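In what follows, a single structure is set out as structure tokens and then discussed.
The values are calculated or read from the model by the stated rules, or taken from the named source; none is laboratory data. Just so you know, these numbers come straight off a predicted model, no measurement behind them. Glycine gets a Cβ as well: all are built from the backbone with ideal geometry, and neighbour counts include every protein chain shown.
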Amino acid sequence: MPVKSYIAHAMTGKKEELMQALLSFEQCEVIPAENQDVVALVTDTPNDMEEEILKQKIEAIQSLKLLSLVSGFNTPQN
């Protein structure tokens, strides 16, 4: 179960639009910065393939300027 955290930089003045787009994905938790056009993003997907699909969808958002991976781990299923 991959869990990854990112910093998502919005295009200038587009933070709210970026947040709404990210919140439309069930696997995303979004925490906005109070004074910058950035949000913290945590994703939780069932497997690496689903994580890659989600990442591609996130990177296609027009209001996204830059997506930076902060941390990621994958818990093996027993």
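Data table
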item: The range 8-24, subset part of a loop (DSSP other than H, G, I, E, B) and within 10 Å of I61 (Cβ to Cβ), residue nearest to the chain's Cα centre (by Cα); result: S24
item: Breaking point among (1) surrounded by 12 or more Cβ atoms within 10 Å (Cβ to Cβ); (2) touching a Ser or Thr at 6+ places or on another chain (Cβ under 6 Å), for S71; result: (1)
item: Selected residue (criterion: surrounded by the most Cβ atoms within 10 Å (Cβ to Cβ)) from residues of the range 25-35 that are outside any loop (DSSP other than H, G, I, E, B) and over 9 Å from the mean Cα position of the chain (by Cα); result: P32
item: Identity of the residue in the range 53-73, in a helix (DSSP H, G or I) and either modelled with pLDDT under 95 or basic (K, R) (or both), that ends up nearest to the chain's Cα centre (by Cα); result: K55
item: Of the criteria (1) touching a Phe, Trp or Tyr at 6+ places or on another chain (Cβ under 9 Å); (2) not hydrophobic (A, V, I, L, M, F, W, C); (3) not in a helix (DSSP H, G or I), which one S5 fails; result: (1)
item: Hits in the range 31-72 - residues which are in contact (Cβ under 8 Å) with a residue 40 or more places away in the chain and touching a His at 6+ places or on another chain (Cβ under 6 Å); result: K65, L66
